[in-house]
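Asks: Could you have a look at this structure, given as structure tokens, before my questions?
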Amino acid sequence: MAEPVVRIPDAKVALSTASVYPESTATAFEIAARLGYDGVEVMVWTDPVSQDMEALRRLSDYHQIPILAVHAPCLLITQRVWSTDPWTKLQRAQAAAEKLGASTVVVHPPFRWQRQYARDFVAGIWRMANETDVRFAVENMYPWRYRDREMLAYAPDWDVTKDDYRHFTIDLSHTATARSDALQMIDRMGNRLGHVHLADGRGSAKDEHLVPGRGNQPCAEVLERLALTGFDGHVVIEVNTRRAMSSAEREADLAEALAFTRLHLASAVKVPRP
């Protein structure tokens with residue numbers, strides 16, 4: 001005879017500071033602590049606090065919420081944050097992660113117009129990964145679309161599984177925008193999947209970052225698979241709450257996202273009775 005038990009992996013559930021935009025990085029720490037998240041991922045962007053290691057350390061200490069990951073400034077709006085040189089950005093992200101006790105740096109593949117950076121990217125990420133205990137987890141992106149036209153904006157490729165990296169980040173809003181199969185991508189990543197950005201999407205050309213369960217991505221199935229495989233990385237809620245009509249509505253969305261994640265980040269398995 002066998003009876004079902006619930007298996008919950010060691011993965012921690014974190015809140016991306018990007019999830020509270022247009023509110024501040026400091027607000028993200030406050031909300032994460034109040035709602036019971038296990039930690040935060042700091043999106044380094046134009047908010048000065050997100051770029052200030054001492055300010056981030058004080059926020060972490062004050063709210064008793066650890067910084068689990070640092071998202072390097074790879075967005076178009078952060079092209080001048082922490083230098084205009086992309087390798088300098090990654091070096092500073094690594095130093096920040098080491099100083100703040102974060103285990104992971106999330107990085108996007110280069111834009112195609114960053115030609116030299118793109119040519120050296122795969123080898124350069126390996127070189128940096130070999131110099132630190134911090135994981136450089138390269139994130140899947142998507143082709144840019146306008147009407148019926150598609151533009152390949154990332155190099156070597158938006159589908160990062162086509163290249164050899166030590167660790168990957170999968171983002172389920174990006175799989176929606178790319179119209180790719182998230183479960184197949186996880187299979188290709190295999191044991192190199194080290195980090196998850198949990199959000200939802202409907203396949204729009206826009207990167208939607210919906211609350212999990214509000215789109216068509218297999219968010220629940222992905223979480224259940226992580227539980228079955230004993231995933232020990234981080235699951236980061238990275239959703240868009242810009243349309244929230246109030247701070248209370250934003251917080252309710254983030255509470256819903258956390259509840260969804262905790263519910264599905266468990267798997268019923270059958271074990272023999274002694």
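The values are calculated or read from the model by the stated rules, or taken from the named source; none is laboratory data. From a predicted model like this one, the values you see are computed outputs, not experimental measurements. With ideal geometry, Cβ positions are generated from the backbone for all residues, glycine too; neighbour counts draw on all protein chains shown. Heads up: the accessible areas ignore ligands, DNA and RNA and are worked out on the full protein's heavy atoms, side chains in. Shrake-Rupley method; radii C 1.70, N 1.55, O 1.52, S 1.80 Å.
Asks: Dipole size in debye (nearest 20) for the chain around its Cα centre, Lys and Arg Cβ +1, Asp and Glu Cβ -1?
Replies: So the magnitude is around 420 debye.
Asks: Obtain the nm distance between the two label points defined at R243 and R115 by a simple spin-label model: each point lies 7 Å from its Cα along the Cα-to-C-beta direction.
Replies: 4.1 nm
Asks: So, R0 is 41 Å and r is the distance between the beta-carbons of R7 and Q91; what FRET efficiency does that work out to, to 0.05?
Replies: Using R0 = 41 Å, I get an efficiency of 0.60.
Asks: Near the amide H of D171, under 5 Å away, which other amide H atoms are found, from residues 5 or more places off or on another chain, if H is placed in the peptide plane?
Replies: N140, H197
Asks: While we're here: Just how much of D207 is accessible, in Å², when a 1.4 Å probe is used and the result is rounded to the nearest 10?
Replies: Approximately 50 Å² of D207 is accessible to the 1.4 Å probe.
Asks: For a quick check of understanding: with a 1.4 angstrom probe and all protein chains in place, what accessible area in square angstrom does R225 have, to the nearest ten?
Replies: 80 Å²
Asks: Shifting gears a bit: Pick from R147, R214, R202: which is most flexible by mean-square fluctuation in a GNM of the chain where alpha carbon atoms under 10 Å apart are linked?
Replies: R147
Asks: Given the options G194, G203, G124, state which has the largest fluctuation in a GNM of the chain using a 10 Å cut-off (strictly under) for Cα springs.
Replies: G124
Asks: Taking K99 as the anchor, which aspartates and glutamates have their alpha carbon closer than 18 Å to its alpha carbon, excluding any fewer than eight residues away along the same chain?
Replies: Once the sequence-local aspartates and glutamates are set aside, what remains near K99 is E41, D52, E54, D61, E131, D133.
Asks: Pairs of Cα atoms under 8 Å, at least six residues apart: use those to get the relative contact order of the chain, whole percent.
Replies: The value is 23 percent.
Asks: Given the rule -39500 (n - 2.57) for each run of at least 4 DSSP H residues, summed and divided by the residues of the chain, what is its mean residue ellipticity at 222 nm, to the nearest 500 deg cm²/dmol?
Replies: Computed ellipticity for the chain at 222 nm equals -10500 deg cm²/dmol.
Asks: Continuing with the same structure: Within region 8-264, what whole-number % of the accessible surface is contributed by carbon and sulfur, with the 1.4 Å probe and all protein chains included in the calculation?
Replies: Roughly 48 percent, rounded to a whole number.
Asks: Have a look at M151, A95, H174 and report the one farthest towards the positive end of the charge dipole of the chain, computed about the Cα centre with Cβ charges (Lys/Arg +1, Asp/Glu -1).
Replies: With unit charges placed on the Cβ atoms, the residue in question is M151.
Asks: Would you please state the base-10 log of I(q)/I(0) at q = 0.15, 0.19, 0.23 1/Å for region 73-188, with intensities from the Debye formula using one equal scatterer on every alpha carbon?
Replies: Values, matching the q order: -0.68, -1.07, -1.45.
Asks: A further question follows. Considering only protein heavy atoms, with the full assembly of protein chains and a 1.4 angstrom probe, order R149, R242 by accessible area, largest first.
Replies: Greatest to least solvent exposure: R149, R242.
Asks: Compute the normalised compactness of region 182-274: alpha-carbon radius of gyration over 2.2 N^0.38 Å, N being the residue count. All intermediate terms of the calculation are to be shown ahead of the outcome.
Replies: Values: Rg = 14.9 Å, N = 93, 2.2 N^0.38 = 12.3 Å.
Output field value: 1.21.
Asks: Please give the length that would be gained between N191 and I77 if that part of the chain were fully extended, namely 0.36 nm times their separation in residues minus their C-alpha to C-alpha distance (nm, one decimal).
Replies: Values: separation 114, 0.36 × 114 = 41.04 nm, distance 3.22 nm.
This chain segment gains 37.8 nm when fully extended.
Asks: Determine the per residue accessible area of the chain with all protein chains present and a 1.4 angstrom probe, expressed in square angstrom.
Replies: Working: 12890 Å² over 274 residues.
I get 47 Å² per residue for this part.
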